[in-house]
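One structure is given below, encoded as structure tokens.
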Amino acid sequence: MSLEIHGLSMSIGSRAIIRDVDASVADGERVGLVGASGSGKSMLARTVLGLAPVDAHVRGSALLDGRQTVGASDEELADVRGRFAGMIFQNPAASLNPLTAVVDQVMLPLRIHYDLSRSERRDRAMAMLDTVGISNRLARSFPSELSGGQQQRVAIATALVTSPRLIVADEPTTALDSITQRQILDLLVSLVDDSGASLLFITHDFSVLMRTVTRCYVLDEGRIVDESAIGEMGGPASAEQTRRLVDAARRLRLPSGRGGASAPARKGGRDE
Amino acid sequence: MMDGVMIVLRSVWRRAEGRFSLTVLCLWVAVSVVSLFWTPQPITNTDGYHVWASGSLRHPLGTDGAGADVLSWLMAGSYVDLLIVVATVAFSAILGVALVSAMVARSVMLSSVSVVVVDALISIPTVVLALIVAVPLGASIAVVIVACSIGYGLNLARVARPQALLAARSEYVVSAAASGVTGLRILATHILPAIVPTMAVQLSLSAGTSILAESGLTYLGIGVPSGVPSWGHSLSTSASFVNVYPFAALWPGLVITVVVTALNVFGDMLRDAVDPVVNPRLRRDRTRAGRRS
Amino acid sequence: MRFVVRRLMLFVVALFGMSILVFAALRVLPGDVASVMAGMNATPQQIARLRAQLGLDRSLGRQYVDWLASLLHGDLGTSVLTGRSVGSQVGSRSSVTFPLILAAMAVAMALGIPLGCEAVLARSPHVRALLHAASIVAGSIPALWGGLLLIMLFSRGSGLVGILPSQGFPQDGWHDVLSCLASLALPALTLGIIVGSGLMRYTRSSLGGLVSSGFIDMAMACGMTRRRAVIRVGLRLAAPQLVSVIGLTFAQMITGAMVVENLFALPGLGAGLIADVGNRDLIAVQSQLFMLVAFFLAMGFLVDILHRALDPRLGKEGER
């Protein structure tokens, strides 16, 4: 699914979050969106799919396969989400419904968008969970009983179960330790490639970006300051922001996984 | 501590509804103090020929069923209600702090017994507590204060317990305990400060509820005894004549509603103002003072 | 399961403790109950007879055990004033109070939960602020005044739109259902609006915390609109706490119910108990107070169990 963004701006009150952004993702392409925290990269993806805060004021245009999403009704946007566009969030422990078994979470997009019997839905969800490496036994447990990596696998299964044409992954590995991070990235990339879907991958971490995308936009204070193919990134950086980020990436490589994968999971499980 | 209070009050004042509530509350205290020395008419002045009179120059808010001045009674009542609120807040704070302290005590016996007591008693309504006190002792201001203090003290303990537990398990406290600091000292320096914000919010909400409780209990004949001015008393006396003099009930009800609204708004704003996440000014103050929790 | 057993034990112990408290409260009367009850002009013989009738001539311990034993047999004692059994009095009064409380709860939930959702979901920030303000003001109205205002508005005869009765309850009970419901309408509305405002505030604050959370994002990403996600997932997530609050509100409603019953002259439990207190009807007050306490303790017990059942996370994290 192609995504064409032209002159997109978003503000909350008098605060401009996104300023006049032009960007595109071709059908089947894997594109990164990189920037420091607070640069508006998450908000950009959310705005396109109608997940921006209620008070957000959006101008410009964002076309999904030619369909305008700016100014579309809540119902139209909801119909796109989970059917044509799947989303994966940063912290699965704080996003998977803690009161339902994970298989029910995976069944949710099917229940909303497709007229299937319960057993059909269940079979598909189980198969999808199996693909991401969650066994049938684990499928019946609650999110709080799984590790952070397993939870993110469930989130990926939920995003992919309807075979969407666009996947938006918002820092999907930031909450994970480095080994799990790598496994999840490889899983995500192979699944996206197999399905032929487009991927919009949001991160602040260059080393993660190199494993996942072929091209990326650099965002700073809501503006796109640079765009390049991933191969060129290591070369002489054009914009100041890119240079800073690349420097940071060289220094840091991966964030040290303090506390391991299960720490954020347990914390999230108690969140109300 | 005083710095923190000023910062919080200033954040409340900054918003329109905060100004409303602080103004109403200050006015209330001022009227209460004035009523001790002066009311437009002595409250014992009755005039059998002018009962249920509507407003006039002599009686701005009219007269009640005995011909006494409604405004004077409301002014005198504001003092009694202030007394009830202050006493209830003080006693429920004491009870709440005692219960919270017991609940986070290192003695398993003490903590589990207090948790059990709070869990069991929390569901008993104020009016039943009031009845248990009022049946043997008769209607009095003390009944209102005792019943409300017990009820709100229990509630306070229940609400503040999670924060107190969190503080009690912090590394700070664990290391302090390991280095031999006594339990009471830890309680005073680490645990109680942690629950002060929650307590402030709960107490200001309880203050509003105790005014409502006063009016309810007084109407039921187990609160403020007849002859003692209170808002609940003014409201109750007009209640039986609502079909004949519908507007008599207007003023006391309005006063109660406005003051309780002010207290509730204040409590709501306090919730935001004392939250270092929401209120950056407080955060700056905390780090400057160097006492991070 | 262990939790249920422990909570049940707590319930029984609390019930026992409260029975002693209620009993003691009615025995620390300054002066002699019997002489107060018998009145100023009673002869010593009359007072002695009353004492015997009340069982006050026996030892305190004996009185307590007898009372408890008869309670366990379902015998609430006999009213000294009317000679009727307290049990049957409570029965007929319950047929007014329970429908009143249920109707008020229905009004409260029908108003509080949808309006609480709306206070979070409404597009216009002005509507949200207005709903929030309305909930605070409505929660600050004394039940008595709320009732008076509704009487001024709707009372048959004197109200602006005089369509509903504001005094009394049909003598023959629930024979004429319509007129019974009509006489419960204003009291239930009074109570329901006040309780509903509390429920609304609670719904608003718990959903407000959830509305920008990952759980709602997730449900939206699966294809729900924000509104549907908040109502389906948000309300479900808030349900355990909401049920606790509703349960406790139920208990706290009795204060309002007593006021409202008195105001609207309904022959319910609250008004009856207050009348018995005024008459110093010792046995009746003692048994009814205990029944009330037992009811609320049971309520607390049920709410705790329900809270557990609604939140699968709690059961697995071990006992608190």
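The values are calculated or read from the model by the stated rules, or taken from the named source; none is laboratory data. These figures come from a predicted structure and were not determined experimentally. With ideal geometry, Cβ positions are generated from the backbone for all residues, glycine too; neighbour counts draw on all protein chains shown. These area figures cover heavy atoms from the full protein model, side chains too; ligands, DNA and RNA do not enter into them. Shrake-Rupley method; radii C 1.70, N 1.55, O 1.52, S 1.80 Å.
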Qualifying residue in the stretch B:221-233 (condition: on the phi > 0 side of the Ramachandran plot and within 11 Å of chain C (Cβ to nearest Cβ)): yes
Unmet criterion (only one of (1) surrounded by 23 or more Cβ atoms within 10 Å (Cβ to Cβ); (2) more than 10 Å from every other protein chain (Cβ to nearest Cβ); (3) in a helix (DSSP H, G or I)) for C:Val285: (2)
The stretch B:8-26: number of residues that are open to solvent by less than 30 Å² (accessible area, probe 1.4 Å) and either more than 17 Å from B:Ala207 (Cα to Cα) or in a loop (DSSP other than H, G, I, E, B) (or both): 3
Condition met for C:His132 (open to solvent by 20 Å² or more (accessible area, probe 1.4 Å) and at pLDDT below 85): no
Spans of helices (runs of 4 or more DSSP H) in the stretch C:72-161 with at least 3 residues within 14 Å of chain B (Cβ to nearest Cβ) and within 18 Å of the chain's Cα centre (by Cα): C:143-154
Residues of the stretch C:102-129 classified as under 29 Å from C:Leu269 (Cβ atoms) and either modelled with pLDDT under 90 or open to solvent by 40 Å² or more (accessible area, probe 1.4 Å) (or both), total: 5
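Could you identify the single residue in B:Thr218, B:Thr189, B:Thr257, B:Thr237 that is over 30 Å from B:Val51 (Cβ atoms) and among the hydroxyl-bearing types (Ser, Thr, Tyr)?
Being over 30 Å from B:Val51 (Cβ atoms) and among the hydroxyl-bearing types (Ser, Thr, Tyr) holds for just one of B:Thr218, B:Thr189, B:Thr257, B:Thr237, which is B:Thr189.
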Selection count, the stretch B:245-256, where residues are open to solvent by 10 Å² or more (accessible area, probe 1.4 Å) and either part of a helix (DSSP H, G or I) or at the interface with chain C (Cβ under 8 Å from one of its Cβ atoms) (or both): 7
Selection from the stretch A:73-124 of residues that are open to solvent by 60 Å² or more (accessible area, probe 1.4 Å), in contact with a Pro (Cβ under 9 Å, 6 or more places away or on another chain) and more than 9 Å from every other protein chain (Cβ to nearest Cβ): A:Phe84
Conditions (1) surrounded by 17 or more Cβ atoms within 10 Å (Cβ to Cβ); (2) at pLDDT 80 or above; number of the one not met by B:Leu282: (2)
Top-ranked residue in the stretch B:189-220 [being away from every other protein chain (no Cβ under 14 Å) and hydrophobic (A, V, I, L, M, F, W, C); ranked as surrounded by the most Cβ atoms within 10 Å (Cβ to Cβ)]: B:Ile195
Residue in the stretch A:159-173 that is of a type in the set (Asp, Glu), surrounded by fewer than 21 Cβ atoms within 10 Å (Cβ to Cβ) and farther than 17 Å from A:Thr100 by Cα present: yes
Residue count, the stretch A:206-218 (criterion: of a type outside the set (Ser, Thr, Tyr), surrounded by fewer than 21 Cβ atoms within 10 Å (Cβ to Cβ) and outside any helix (DSSP H, G or I)): 1
Residues of the stretch C:253-270 satisfying the condition of being among the small types (Gly, Ala, Ser) and buried (at least 24 other Cβ atoms within 10 Å of the Cβ): C:Gly256, C:Ala257, C:Gly268, C:Gly270
Failed condition for C:Pro240, given (1) open to solvent by 30 Å² or more (accessible area, probe 1.4 Å); (2) within 14 Å of chain A (Cβ to nearest Cβ); (3) touching a residue at least 60 places away in the same chain (Cβ under 8 Å): (1)
Test: C:Ala271 is more than 7 Å from every other protein chain (Cβ to nearest Cβ) and touching an Asp or Glu at 6+ places or on another chain (Cβ under 7 Å): yes
Test set (1) in contact with a Leu (Cβ under 8 Å, 6 or more places away or on another chain); (2) within 26 Å of C:Val107 (Cβ to Cβ); (3) open to solvent by 10 Å² or more (accessible area, probe 1.4 Å); (4) within 14 Å of chain A (Cβ to nearest Cβ) - C:Ser205 fails condition number: (1)
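Scan the stretch C:241-291 for residues that are on the phi < 0 side of the Ramachandran plot, of a type in the set (D, E, K, R) and modelled with pLDDT under 80 and jot them down. It would help to see each step written out before you state the result.
Filtering the stretch C:241-291 for residues on the phi < 0 side of the Ramachandran plot gives C:241-264, C:266-279, C:281-291.
Subsequent filtering for residues that are of a type in the set (D, E, K, R) retains C:261, C:276, C:281.
Listed by number, the list holds a single entry, C:Asp281.
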Filtered residues of the stretch A:42-72 (kept if touching a Leu at 6+ places or on another chain (Cβ under 8 Å), closer than 20 Å to A:Thr174 by Cβ and open to solvent by 30 Å² or more (accessible area, probe 1.4 Å)): none
Residue among B:Ser204, B:Ser238 that is at pLDDT 85 or above and in a helix (DSSP H, G or I): B:Ser204
Some residue of the stretch C:244-253 being within 12 Å of C:Val120 (Cβ to Cβ) and assigned to a helix (DSSP H, G or I): no
C:Gly315 vs. criteria facing another protein chain (nearest Cβ under 10 Å), modelled with pLDDT under 85, open to solvent by 40 Å² or more (accessible area, probe 1.4 Å) and not in a loop (DSSP other than H, G, I, E, B): no
Residue match in the stretch A:189-209 (condition: farther than 30 Å from A:Arg83 by Cβ and modelled with pLDDT of 85 or more): no
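Pick from A:Gln181, A:Gln151: which is modelled with pLDDT under 90 and either within 14 Å of chain C (Cβ to nearest Cβ) or under 26 Å from A:Glu29 (Cα atoms) (or both)? So that I can check it myself, show each step before the final result.
Working: A:Gln151 fails: modelled with pLDDT under 90.
Matching residue, one of A:Gln181, A:Gln151: A:Gln181.
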For C:Ser59: the one exception among (1) modelled with pLDDT of 85 or more; (2) over 22 Å from the mean Cα position of the chain (by Cα); (3) exposed (fewer than 15 other Cβ atoms within 10 Å of the Cβ): (1)
Only listed residue being of a type outside the set (Asp, Glu) and open to solvent by less than 10 Å² (accessible area, probe 1.4 Å), chosen from B:Ile145, B:Ile186: B:Ile186
Residue check for C:Met224: in a helix (DSSP H, G or I), within 14 Å of chain A (Cβ to nearest Cβ), without any contact (Cβ under 8 Å) to a residue 12 or more places away in the chain and not charged (D, E, K, R): no
